[in-house]
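Quick notes on the structure that follows.
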Amino acid sequence: MLVEWPPFGFLLAGAVLALVLPGRAAAIVSIVAPVLGFVHVAVLTEGTEWTIRLLGLELVPGRVDRLSLLFGYLFHLAAFLGAVYSWHVRDRVQQVAALGYAASAVGVVFAGDMLSLFVAWELMAVTSVFLIWARRTRASIGAGLRYVLLQGLSGLVLLAGVLMRNAETGTLAVGPIGIEDGEVFAWLILAGVGIKAAFPGAHVWLTDGYPNATPTGAVWLSAFTTKVAVYVLARCYPGTELLVVVGAVMAAFPIFYAVIENDLRRVLGYSMINQIGFMVVGVGIGTELAVNGAVAHAFNDVLFKGLLFMSMGAVLHVTGRTGGASLGGLARKMPFTAACCVVGAASISAFPLFSGFVSKSMVMAAALEEHHEVVWLVLLFASAGVFHHAGIKIPYFAFFAPARVSTDHVREAPWNMRWAMGLAAFLCITFGVRPGYLYALLPFPTAFTAYDATHVLAQTQLLCFSALAFAWLRWTGLYPAEVPSTNLDVDWLWRVPGLRGWRLAGTSVERVAGKIRGGSRNALGAILRGLTRSHGPHGVLARTWPTASVMVWVAVLLSGYLLLYFARI
């Protein structure tokens, strides 16, 4: 009976219950639903399918294989961590939206046809935006509008590609597509997925939306949207050479923005794009080792990036700010949060014995095996950069730099936040020390060994020299100062000239509308005056007419009608 329940069923049922139950009961449901869902996924067997017929189409809303199982485990684990972290929240909007968001993500990764995938894809956009709007600030409302606009565009482009593919090939199956033959539908689907994966130029919804979410909402957001996009890329576009180039650009360009960014949660947004770049490169290379590395890094990224967002969310919850220019000195007041942040920083920086090391090494080794030496150098540069801005900058400016403002009122994060951070930190270390636990879940069998002398020595040297570079830049005063500001990035195009153009267009339209309204009023006034002259109280038609005059006019009209009638004959 349990197997007949769809994989997303418990999370979806939890969202419905959270809508009607009181606050504490809804919080309990938020924790129980992912646990039951995880157990459900654990008993599923490969090859299981759920099919329905709708409007003459046979849809497959559920299909189980090794790739979907890995992401199923991951998303239920992320939902559990997010629910524990959000235990203190009594906002029904966030509780319902978070569980609905997680259920939609699970729906995508188990979907066996593109229409079912599209429905879950759109539900993700609708539910996730409320985690941004729930902060209820002017900035979050604007960021949420921009977020949902781009997410909606992603869905529209994806749907267009799906319908074109069905019309041309007669299939809705989720499977390899590829762009080698130049089909328009393949490019449209890739573009729709690319927006959700934060491809360069379409990434600003992430760096704009996530920092404006609630302290707990950003943790949920970091776990699902981009990882769902990576899943679809791995499912539909493995071995697409274009993705190697796109991924390399994604891994490199965020570094420059992250260095000059003041908002530490926005730094994490750029860091997320950097890490997704490694995954996209792995999918683009397409070998078994590369795809394994991509999905393993997605798994680990949910844990260590979630841990970093948790630590910054705890700082925001306690202090009300996350700007590097207004923090510092928190390690004494929040030692547990600081320690967890350091674990997350070490994991994302790929320190040996931490989870990021065992998955990032797979992607870089695959790049060398397939003779992508230039890409390997770019990824090496990106690895140094992520240690610089996420591994050092975030914990340093938040916890260890001299305090910019008084920290007398600061206290450690609530117990539930500490439990969630502690469990995430434990998993980051566990998968780093015992990578075999993760390797056993990967879609392809692997005998890869991360802990050989070459990988360990090269990564250790890279990290040491990157740390020395940071220390030298700080010592010489060459490191960019933390200045309260907002880097608009690509969205400058519509938030500055675009907004000015919109306002100018609005002013022009208002002027034209004013002239139209004025002309209409004048024309209507002339018509009314004419009608008043003829039909008004003193008008011609309002006067008393003698009976004889009326009879004359009737005779004239009758004569005219008869003339016309006989003329026609």
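The values are calculated or read from the model by the stated rules, or taken from the named source; none is laboratory data. Quick caveat: nothing in here was measured; it's all calculated off a predicted structure. Every residue, glycine among them, receives a Cβ derived from its backbone with ideal geometry; neighbour counts consider all protein chains shown.
For this structure, a couple of remarks:
- Scanning segment 3-11 turns up no residue that is at pLDDT below 90 and either crowded, with 18+ Cβ neighbours inside 10 Å or in a helix (DSSP H, G or I) (or both).
- Test: residue in segment 84-91 that is modelled with pLDDT of 95 or more, of a type in the set (A, V, I, L, M), in contact with a helix residue (DSSP H, G or I) (Cβ under 6 Å, 6 or more places away or on another chain) and surrounded by 24 or more Cβ atoms within 10 Å (Cβ to Cβ): no
- Those residues of segment 274-293 which are touching a Pro at 6+ places or on another chain (Cβ under 6 Å) and among the small types (G, A, S), in sequence order: G286
- Near pairs, Cβ below 8 angstrom, 6+ apart or cross-chain, from segment 448-476 (over 19 Å from P352 (Cβ atoms)) to any residue that is modelled with pLDDT under 85 and part of a helix (DSSP H, G or I): A469/H388; F470/H388
- Cβ-Cβ contacts under 8 Å between residues 6 or more apart (or on different chains), taken from a first residue in segment 23-37 that is farther than 14 Å from F8 by Cα to a second residue that is assigned to a helix (DSSP H, G or I) and aromatic (F, W, Y), are listed as I31/F80.
- Test: F426 is of a type in the set (A, V, I, L, M, F, W, C), within 30 Å of V64 (Cβ to Cβ) and surrounded by 11 or more Cβ atoms within 10 Å (Cβ to Cβ): yes
- Single unsatisfied condition, G182 versus (1) without any contact (Cβ under 8 Å) to a residue 24 or more places away in the chain; (2) touching a strand residue (DSSP E or B) at 6+ places or on another chain (Cβ under 6 Å): (2)
- Among the residues of segment 399-434, the ones that are touching a residue at least 12 places away in the same chain (Cβ under 8 Å) and under 22 Å from V89 (Cβ atoms) come to 15 in all.
- Within segment 452-484, the set of residues being of a type in the set (S, T, Y) and out of contact with any Pro (no Cβ under 7 Å at 6 or more places or on another chain) comprises T454, S466, T476, Y479.
- In segment 283-314, the qualifying residues are those that are out of contact with any Ser or Thr (no Cβ under 9 Å at 6 or more places or on another chain) and surrounded by 24 or more Cβ atoms within 10 Å (Cβ to Cβ), and the one that is farthest from F351 (Cα to Cα) is I285.
- Count of segment 227-261 residues which are over 20 Å from N487 (Cβ atoms) and either part of a helix (DSSP H, G or I) or touching a Ser or Thr at 6+ places or on another chain (Cβ under 6 Å) (or both): 18
- Selection count where residues are among the charged types (D, E, K, R) and surrounded by 24 or more Cβ atoms within 10 Å (Cβ to Cβ), scope segment 236-259: 0
- Every listed requirement among (1) surrounded by 16 or more Cβ atoms within 10 Å (Cβ to Cβ); (2) closer than 25 Å to A382 by Cβ is met by L473 save one, (1).
- Scanning segment 13-57 for residues that are touching a helix residue (DSSP H, G or I) at 6+ places or on another chain (Cβ under 8 Å), among the hydrophobic types (A, V, I, L, M, F, W, C) and either within 25 Å of L441 (Cα to Cα) or in a strand (DSSP E or B) (or both) returns I31, V32, A33, V35, L36, F38, V41, A42, L44, L57.
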